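Read through the structure below, which is laid out as structure tokens, and then see the notes.
The values are calculated or read from the model by the stated rules, or taken from the named source; none is laboratory data. What you see is a predicted model; the values in this text were computed from it and never measured. Ideal geometry is used to build each Cβ from the backbone, glycine not excepted, and the neighbour counts take in all protein chains shown.
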Amino acid sequence: MAESLRIPPQLDGILVLNKAKGPSSADCLRKIKHRLGQKKIGHAGTLDPMAEGVLPVLFGQATKISGPLLEAGEKIYSGVILLGIITDTWDAEGRVTERRPVKAVDDARIKSECAALVGTYEQEVPAYSAAKYRGRPLYELARKGLEAPTKTKQVSVYRCEAELVGPERISFRVACGSGTYIRSLAHSLGIRLGCGGTLEQLTREYSRPFGLSRAHTLEEVLENPEDFPSMLTGIPDALPDMPRIRLTREDADSVRRGGRIPAVVGIPAAGEKFLLLDPDGKALALCIAEPGEARAPVLRVARGLWNP
């Protein structure tokens with residue numbers, strides 16, 4: 001199929017997908033892989049089936065930068081919390097486990113409780129999640145009625161704003177670091193308000209450095225495969241904050257053959273990561289500064305981004 005459309009068998013780059021509510025992130029990748037024949041495909045930051053919005057899909061050499069993307073990735077979400085209901089999954093797709101009356105909830109109190117959720121702290125991981133206990137996903141244990149210890153993970157919440165949009169609904173917007181469970185935030189806010197709450201709607205508006213304005217729907221991608229190559233953004237655009245060094249053609253060829261990275265001016269202390277570019281500005285490698293002779297840092301290739 002992809003060959004008849006004259007799409008290269010493997011492209012390198014990032015597709016900013018606007019995932020719709022319903023399919024899982026994995027479902028979207030399977031459809032793209034089947035329609036476009038791209039064998040090497042991944043994503044940076046999954047979205048639950050009920051969620052929609054920005055999902056960075058990685059192709060070819062770009063699958064190697066999922067780690068840096070997740071490490072640097074501030075995310076912005078908006079959505080709706082339904083008050084008075086607690087479910088086993090902490091979202092509206094779960095089984096209702098408790099109903100409580102909604103009393104004394106106003107914008108002033110919501111603002112105060114949202115402020116308490118800002119910061120860096122240990123967040124409880126939902127029982128229905130892909131986090132693992134003894135090698136098994138928590139959702140698998142939960143579905144079988146098997147007990148697992150409560151897990152937590154450190155998260156960072158930078159901003160949390162919300163307001164009443166009805167007697168039993170809160171509209172919210174959150175800026176946070178990678179790995180934050182928005183279902184957990186919704187559950188925590190509901191508990192703090194005394195009435196319980198569950199996540200009803202969720203949109204990821206931004207996953208650094210990509211926003212919805214750059215996103216394509218799955219339908220656009222599948223129905224216009226001839227436009228697919230032009231929908232991809234290059235690896236350097238996905239890592240705008242990473243320092244970069246552009247090599248000469250001779251030095252770039254040497255690096256591809258396993259040669260040393262030439263001495264460059266301005267390498268800071270050991271430990272900083274860099275992006276090597278070829279003379280055309282395309283990503284060549286992820287590298288890191290390490291201690292060298294006479295304490296002068298040297299660059300080492302941590303991950304090659306070139307094709308054989």
Flagged in the range 12-27 as among the hydrophobic types (A, V, I, L, M, F, W, C) and surrounded by fewer than 21 Cβ atoms within 10 Å (Cβ to Cβ), in numbering order, are 20, 26
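Could you tell me whether residue 5 is assigned to a loop (DSSP other than H, G, I, E, B), closer than 26 Å to residue 273 by Cβ, among the aliphatic types (A, V, I, L, M) and modelled with pLDDT under 95?
no
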Within the range 151-194, the count of residues that are surrounded by 20 or more Cβ atoms within 10 Å (Cβ to Cβ) and either of a type in the set (Lys, Arg) or more than 24 Å from the chain's Cα centre (by Cα) (or both) comes to 4
Candidates 197, 211, 190 - the one that is over 21 Å from residue 21 (Cα atoms), touching a strand residue (DSSP E or B) at 6+ places or on another chain (Cβ under 9 Å) and in contact (Cβ under 8 Å) with a residue 40 or more places away in the chain:
190
When you go through (1) closer than 19 Å to residue 306 by Cβ; (2) among the aliphatic types (A, V, I, L, M); (3) surrounded by 22 or more Cβ atoms within 10 Å (Cβ to Cβ) one by one for residue 47, which number turns out not to apply?
(1)
Out of all the residues in the range 67-83, is one or more at pLDDT 95 or above, assigned to a loop (DSSP other than H, G, I, E, B) and in contact with a strand residue (DSSP E or B) (Cβ under 7 Å, 6 or more places away or on another chain)?
no
Which residues, counting only those in the range 84-131, are charged (D, E, K, R) and either over 25 Å from residue 207 (Cα atoms) or part of a helix (DSSP H, G or I) (or both)?
88, 95, 98, 99, 100, 103, 106, 107, 109, 111, 113
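For (1) modelled with pLDDT of 90 or more; (2) among the hydrophobic types (A, V, I, L, M, F, W, C); (3) closer than 21 Å to residue 8 by Cβ; (4) not assigned by TED's automatic domain parsing to the domain that holds residue 51, each residue gets a yes or a no:
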| residue | (1), (2), (3), (4) |
| --- | --- |
| 228 | yes, yes, yes, no |
| 258 | no, no, no, yes |
| 262 | no, no, no, yes |
| 266 | no, no, no, yes |
| 273 | no, no, no, yes |
| 286 | yes, yes, no, yes |
First in the range 230-241 and without any contact (Cβ under 8 Å) to a residue 60 or more places away in the chain, second anywhere and in a loop (DSSP other than H, G, I, E, B) and of a type outside the set (S, T, N, Q), Cβ under 6 Å, 6 or more apart
240/209
Filtering helices (runs of 4 or more DSSP H) wholly in the range 210-261 for at least 1 residues that are over 17 Å from residue 44 (Cα atoms) and of a type in the set (Ser, Thr, Tyr) gives 228-231, 249-256
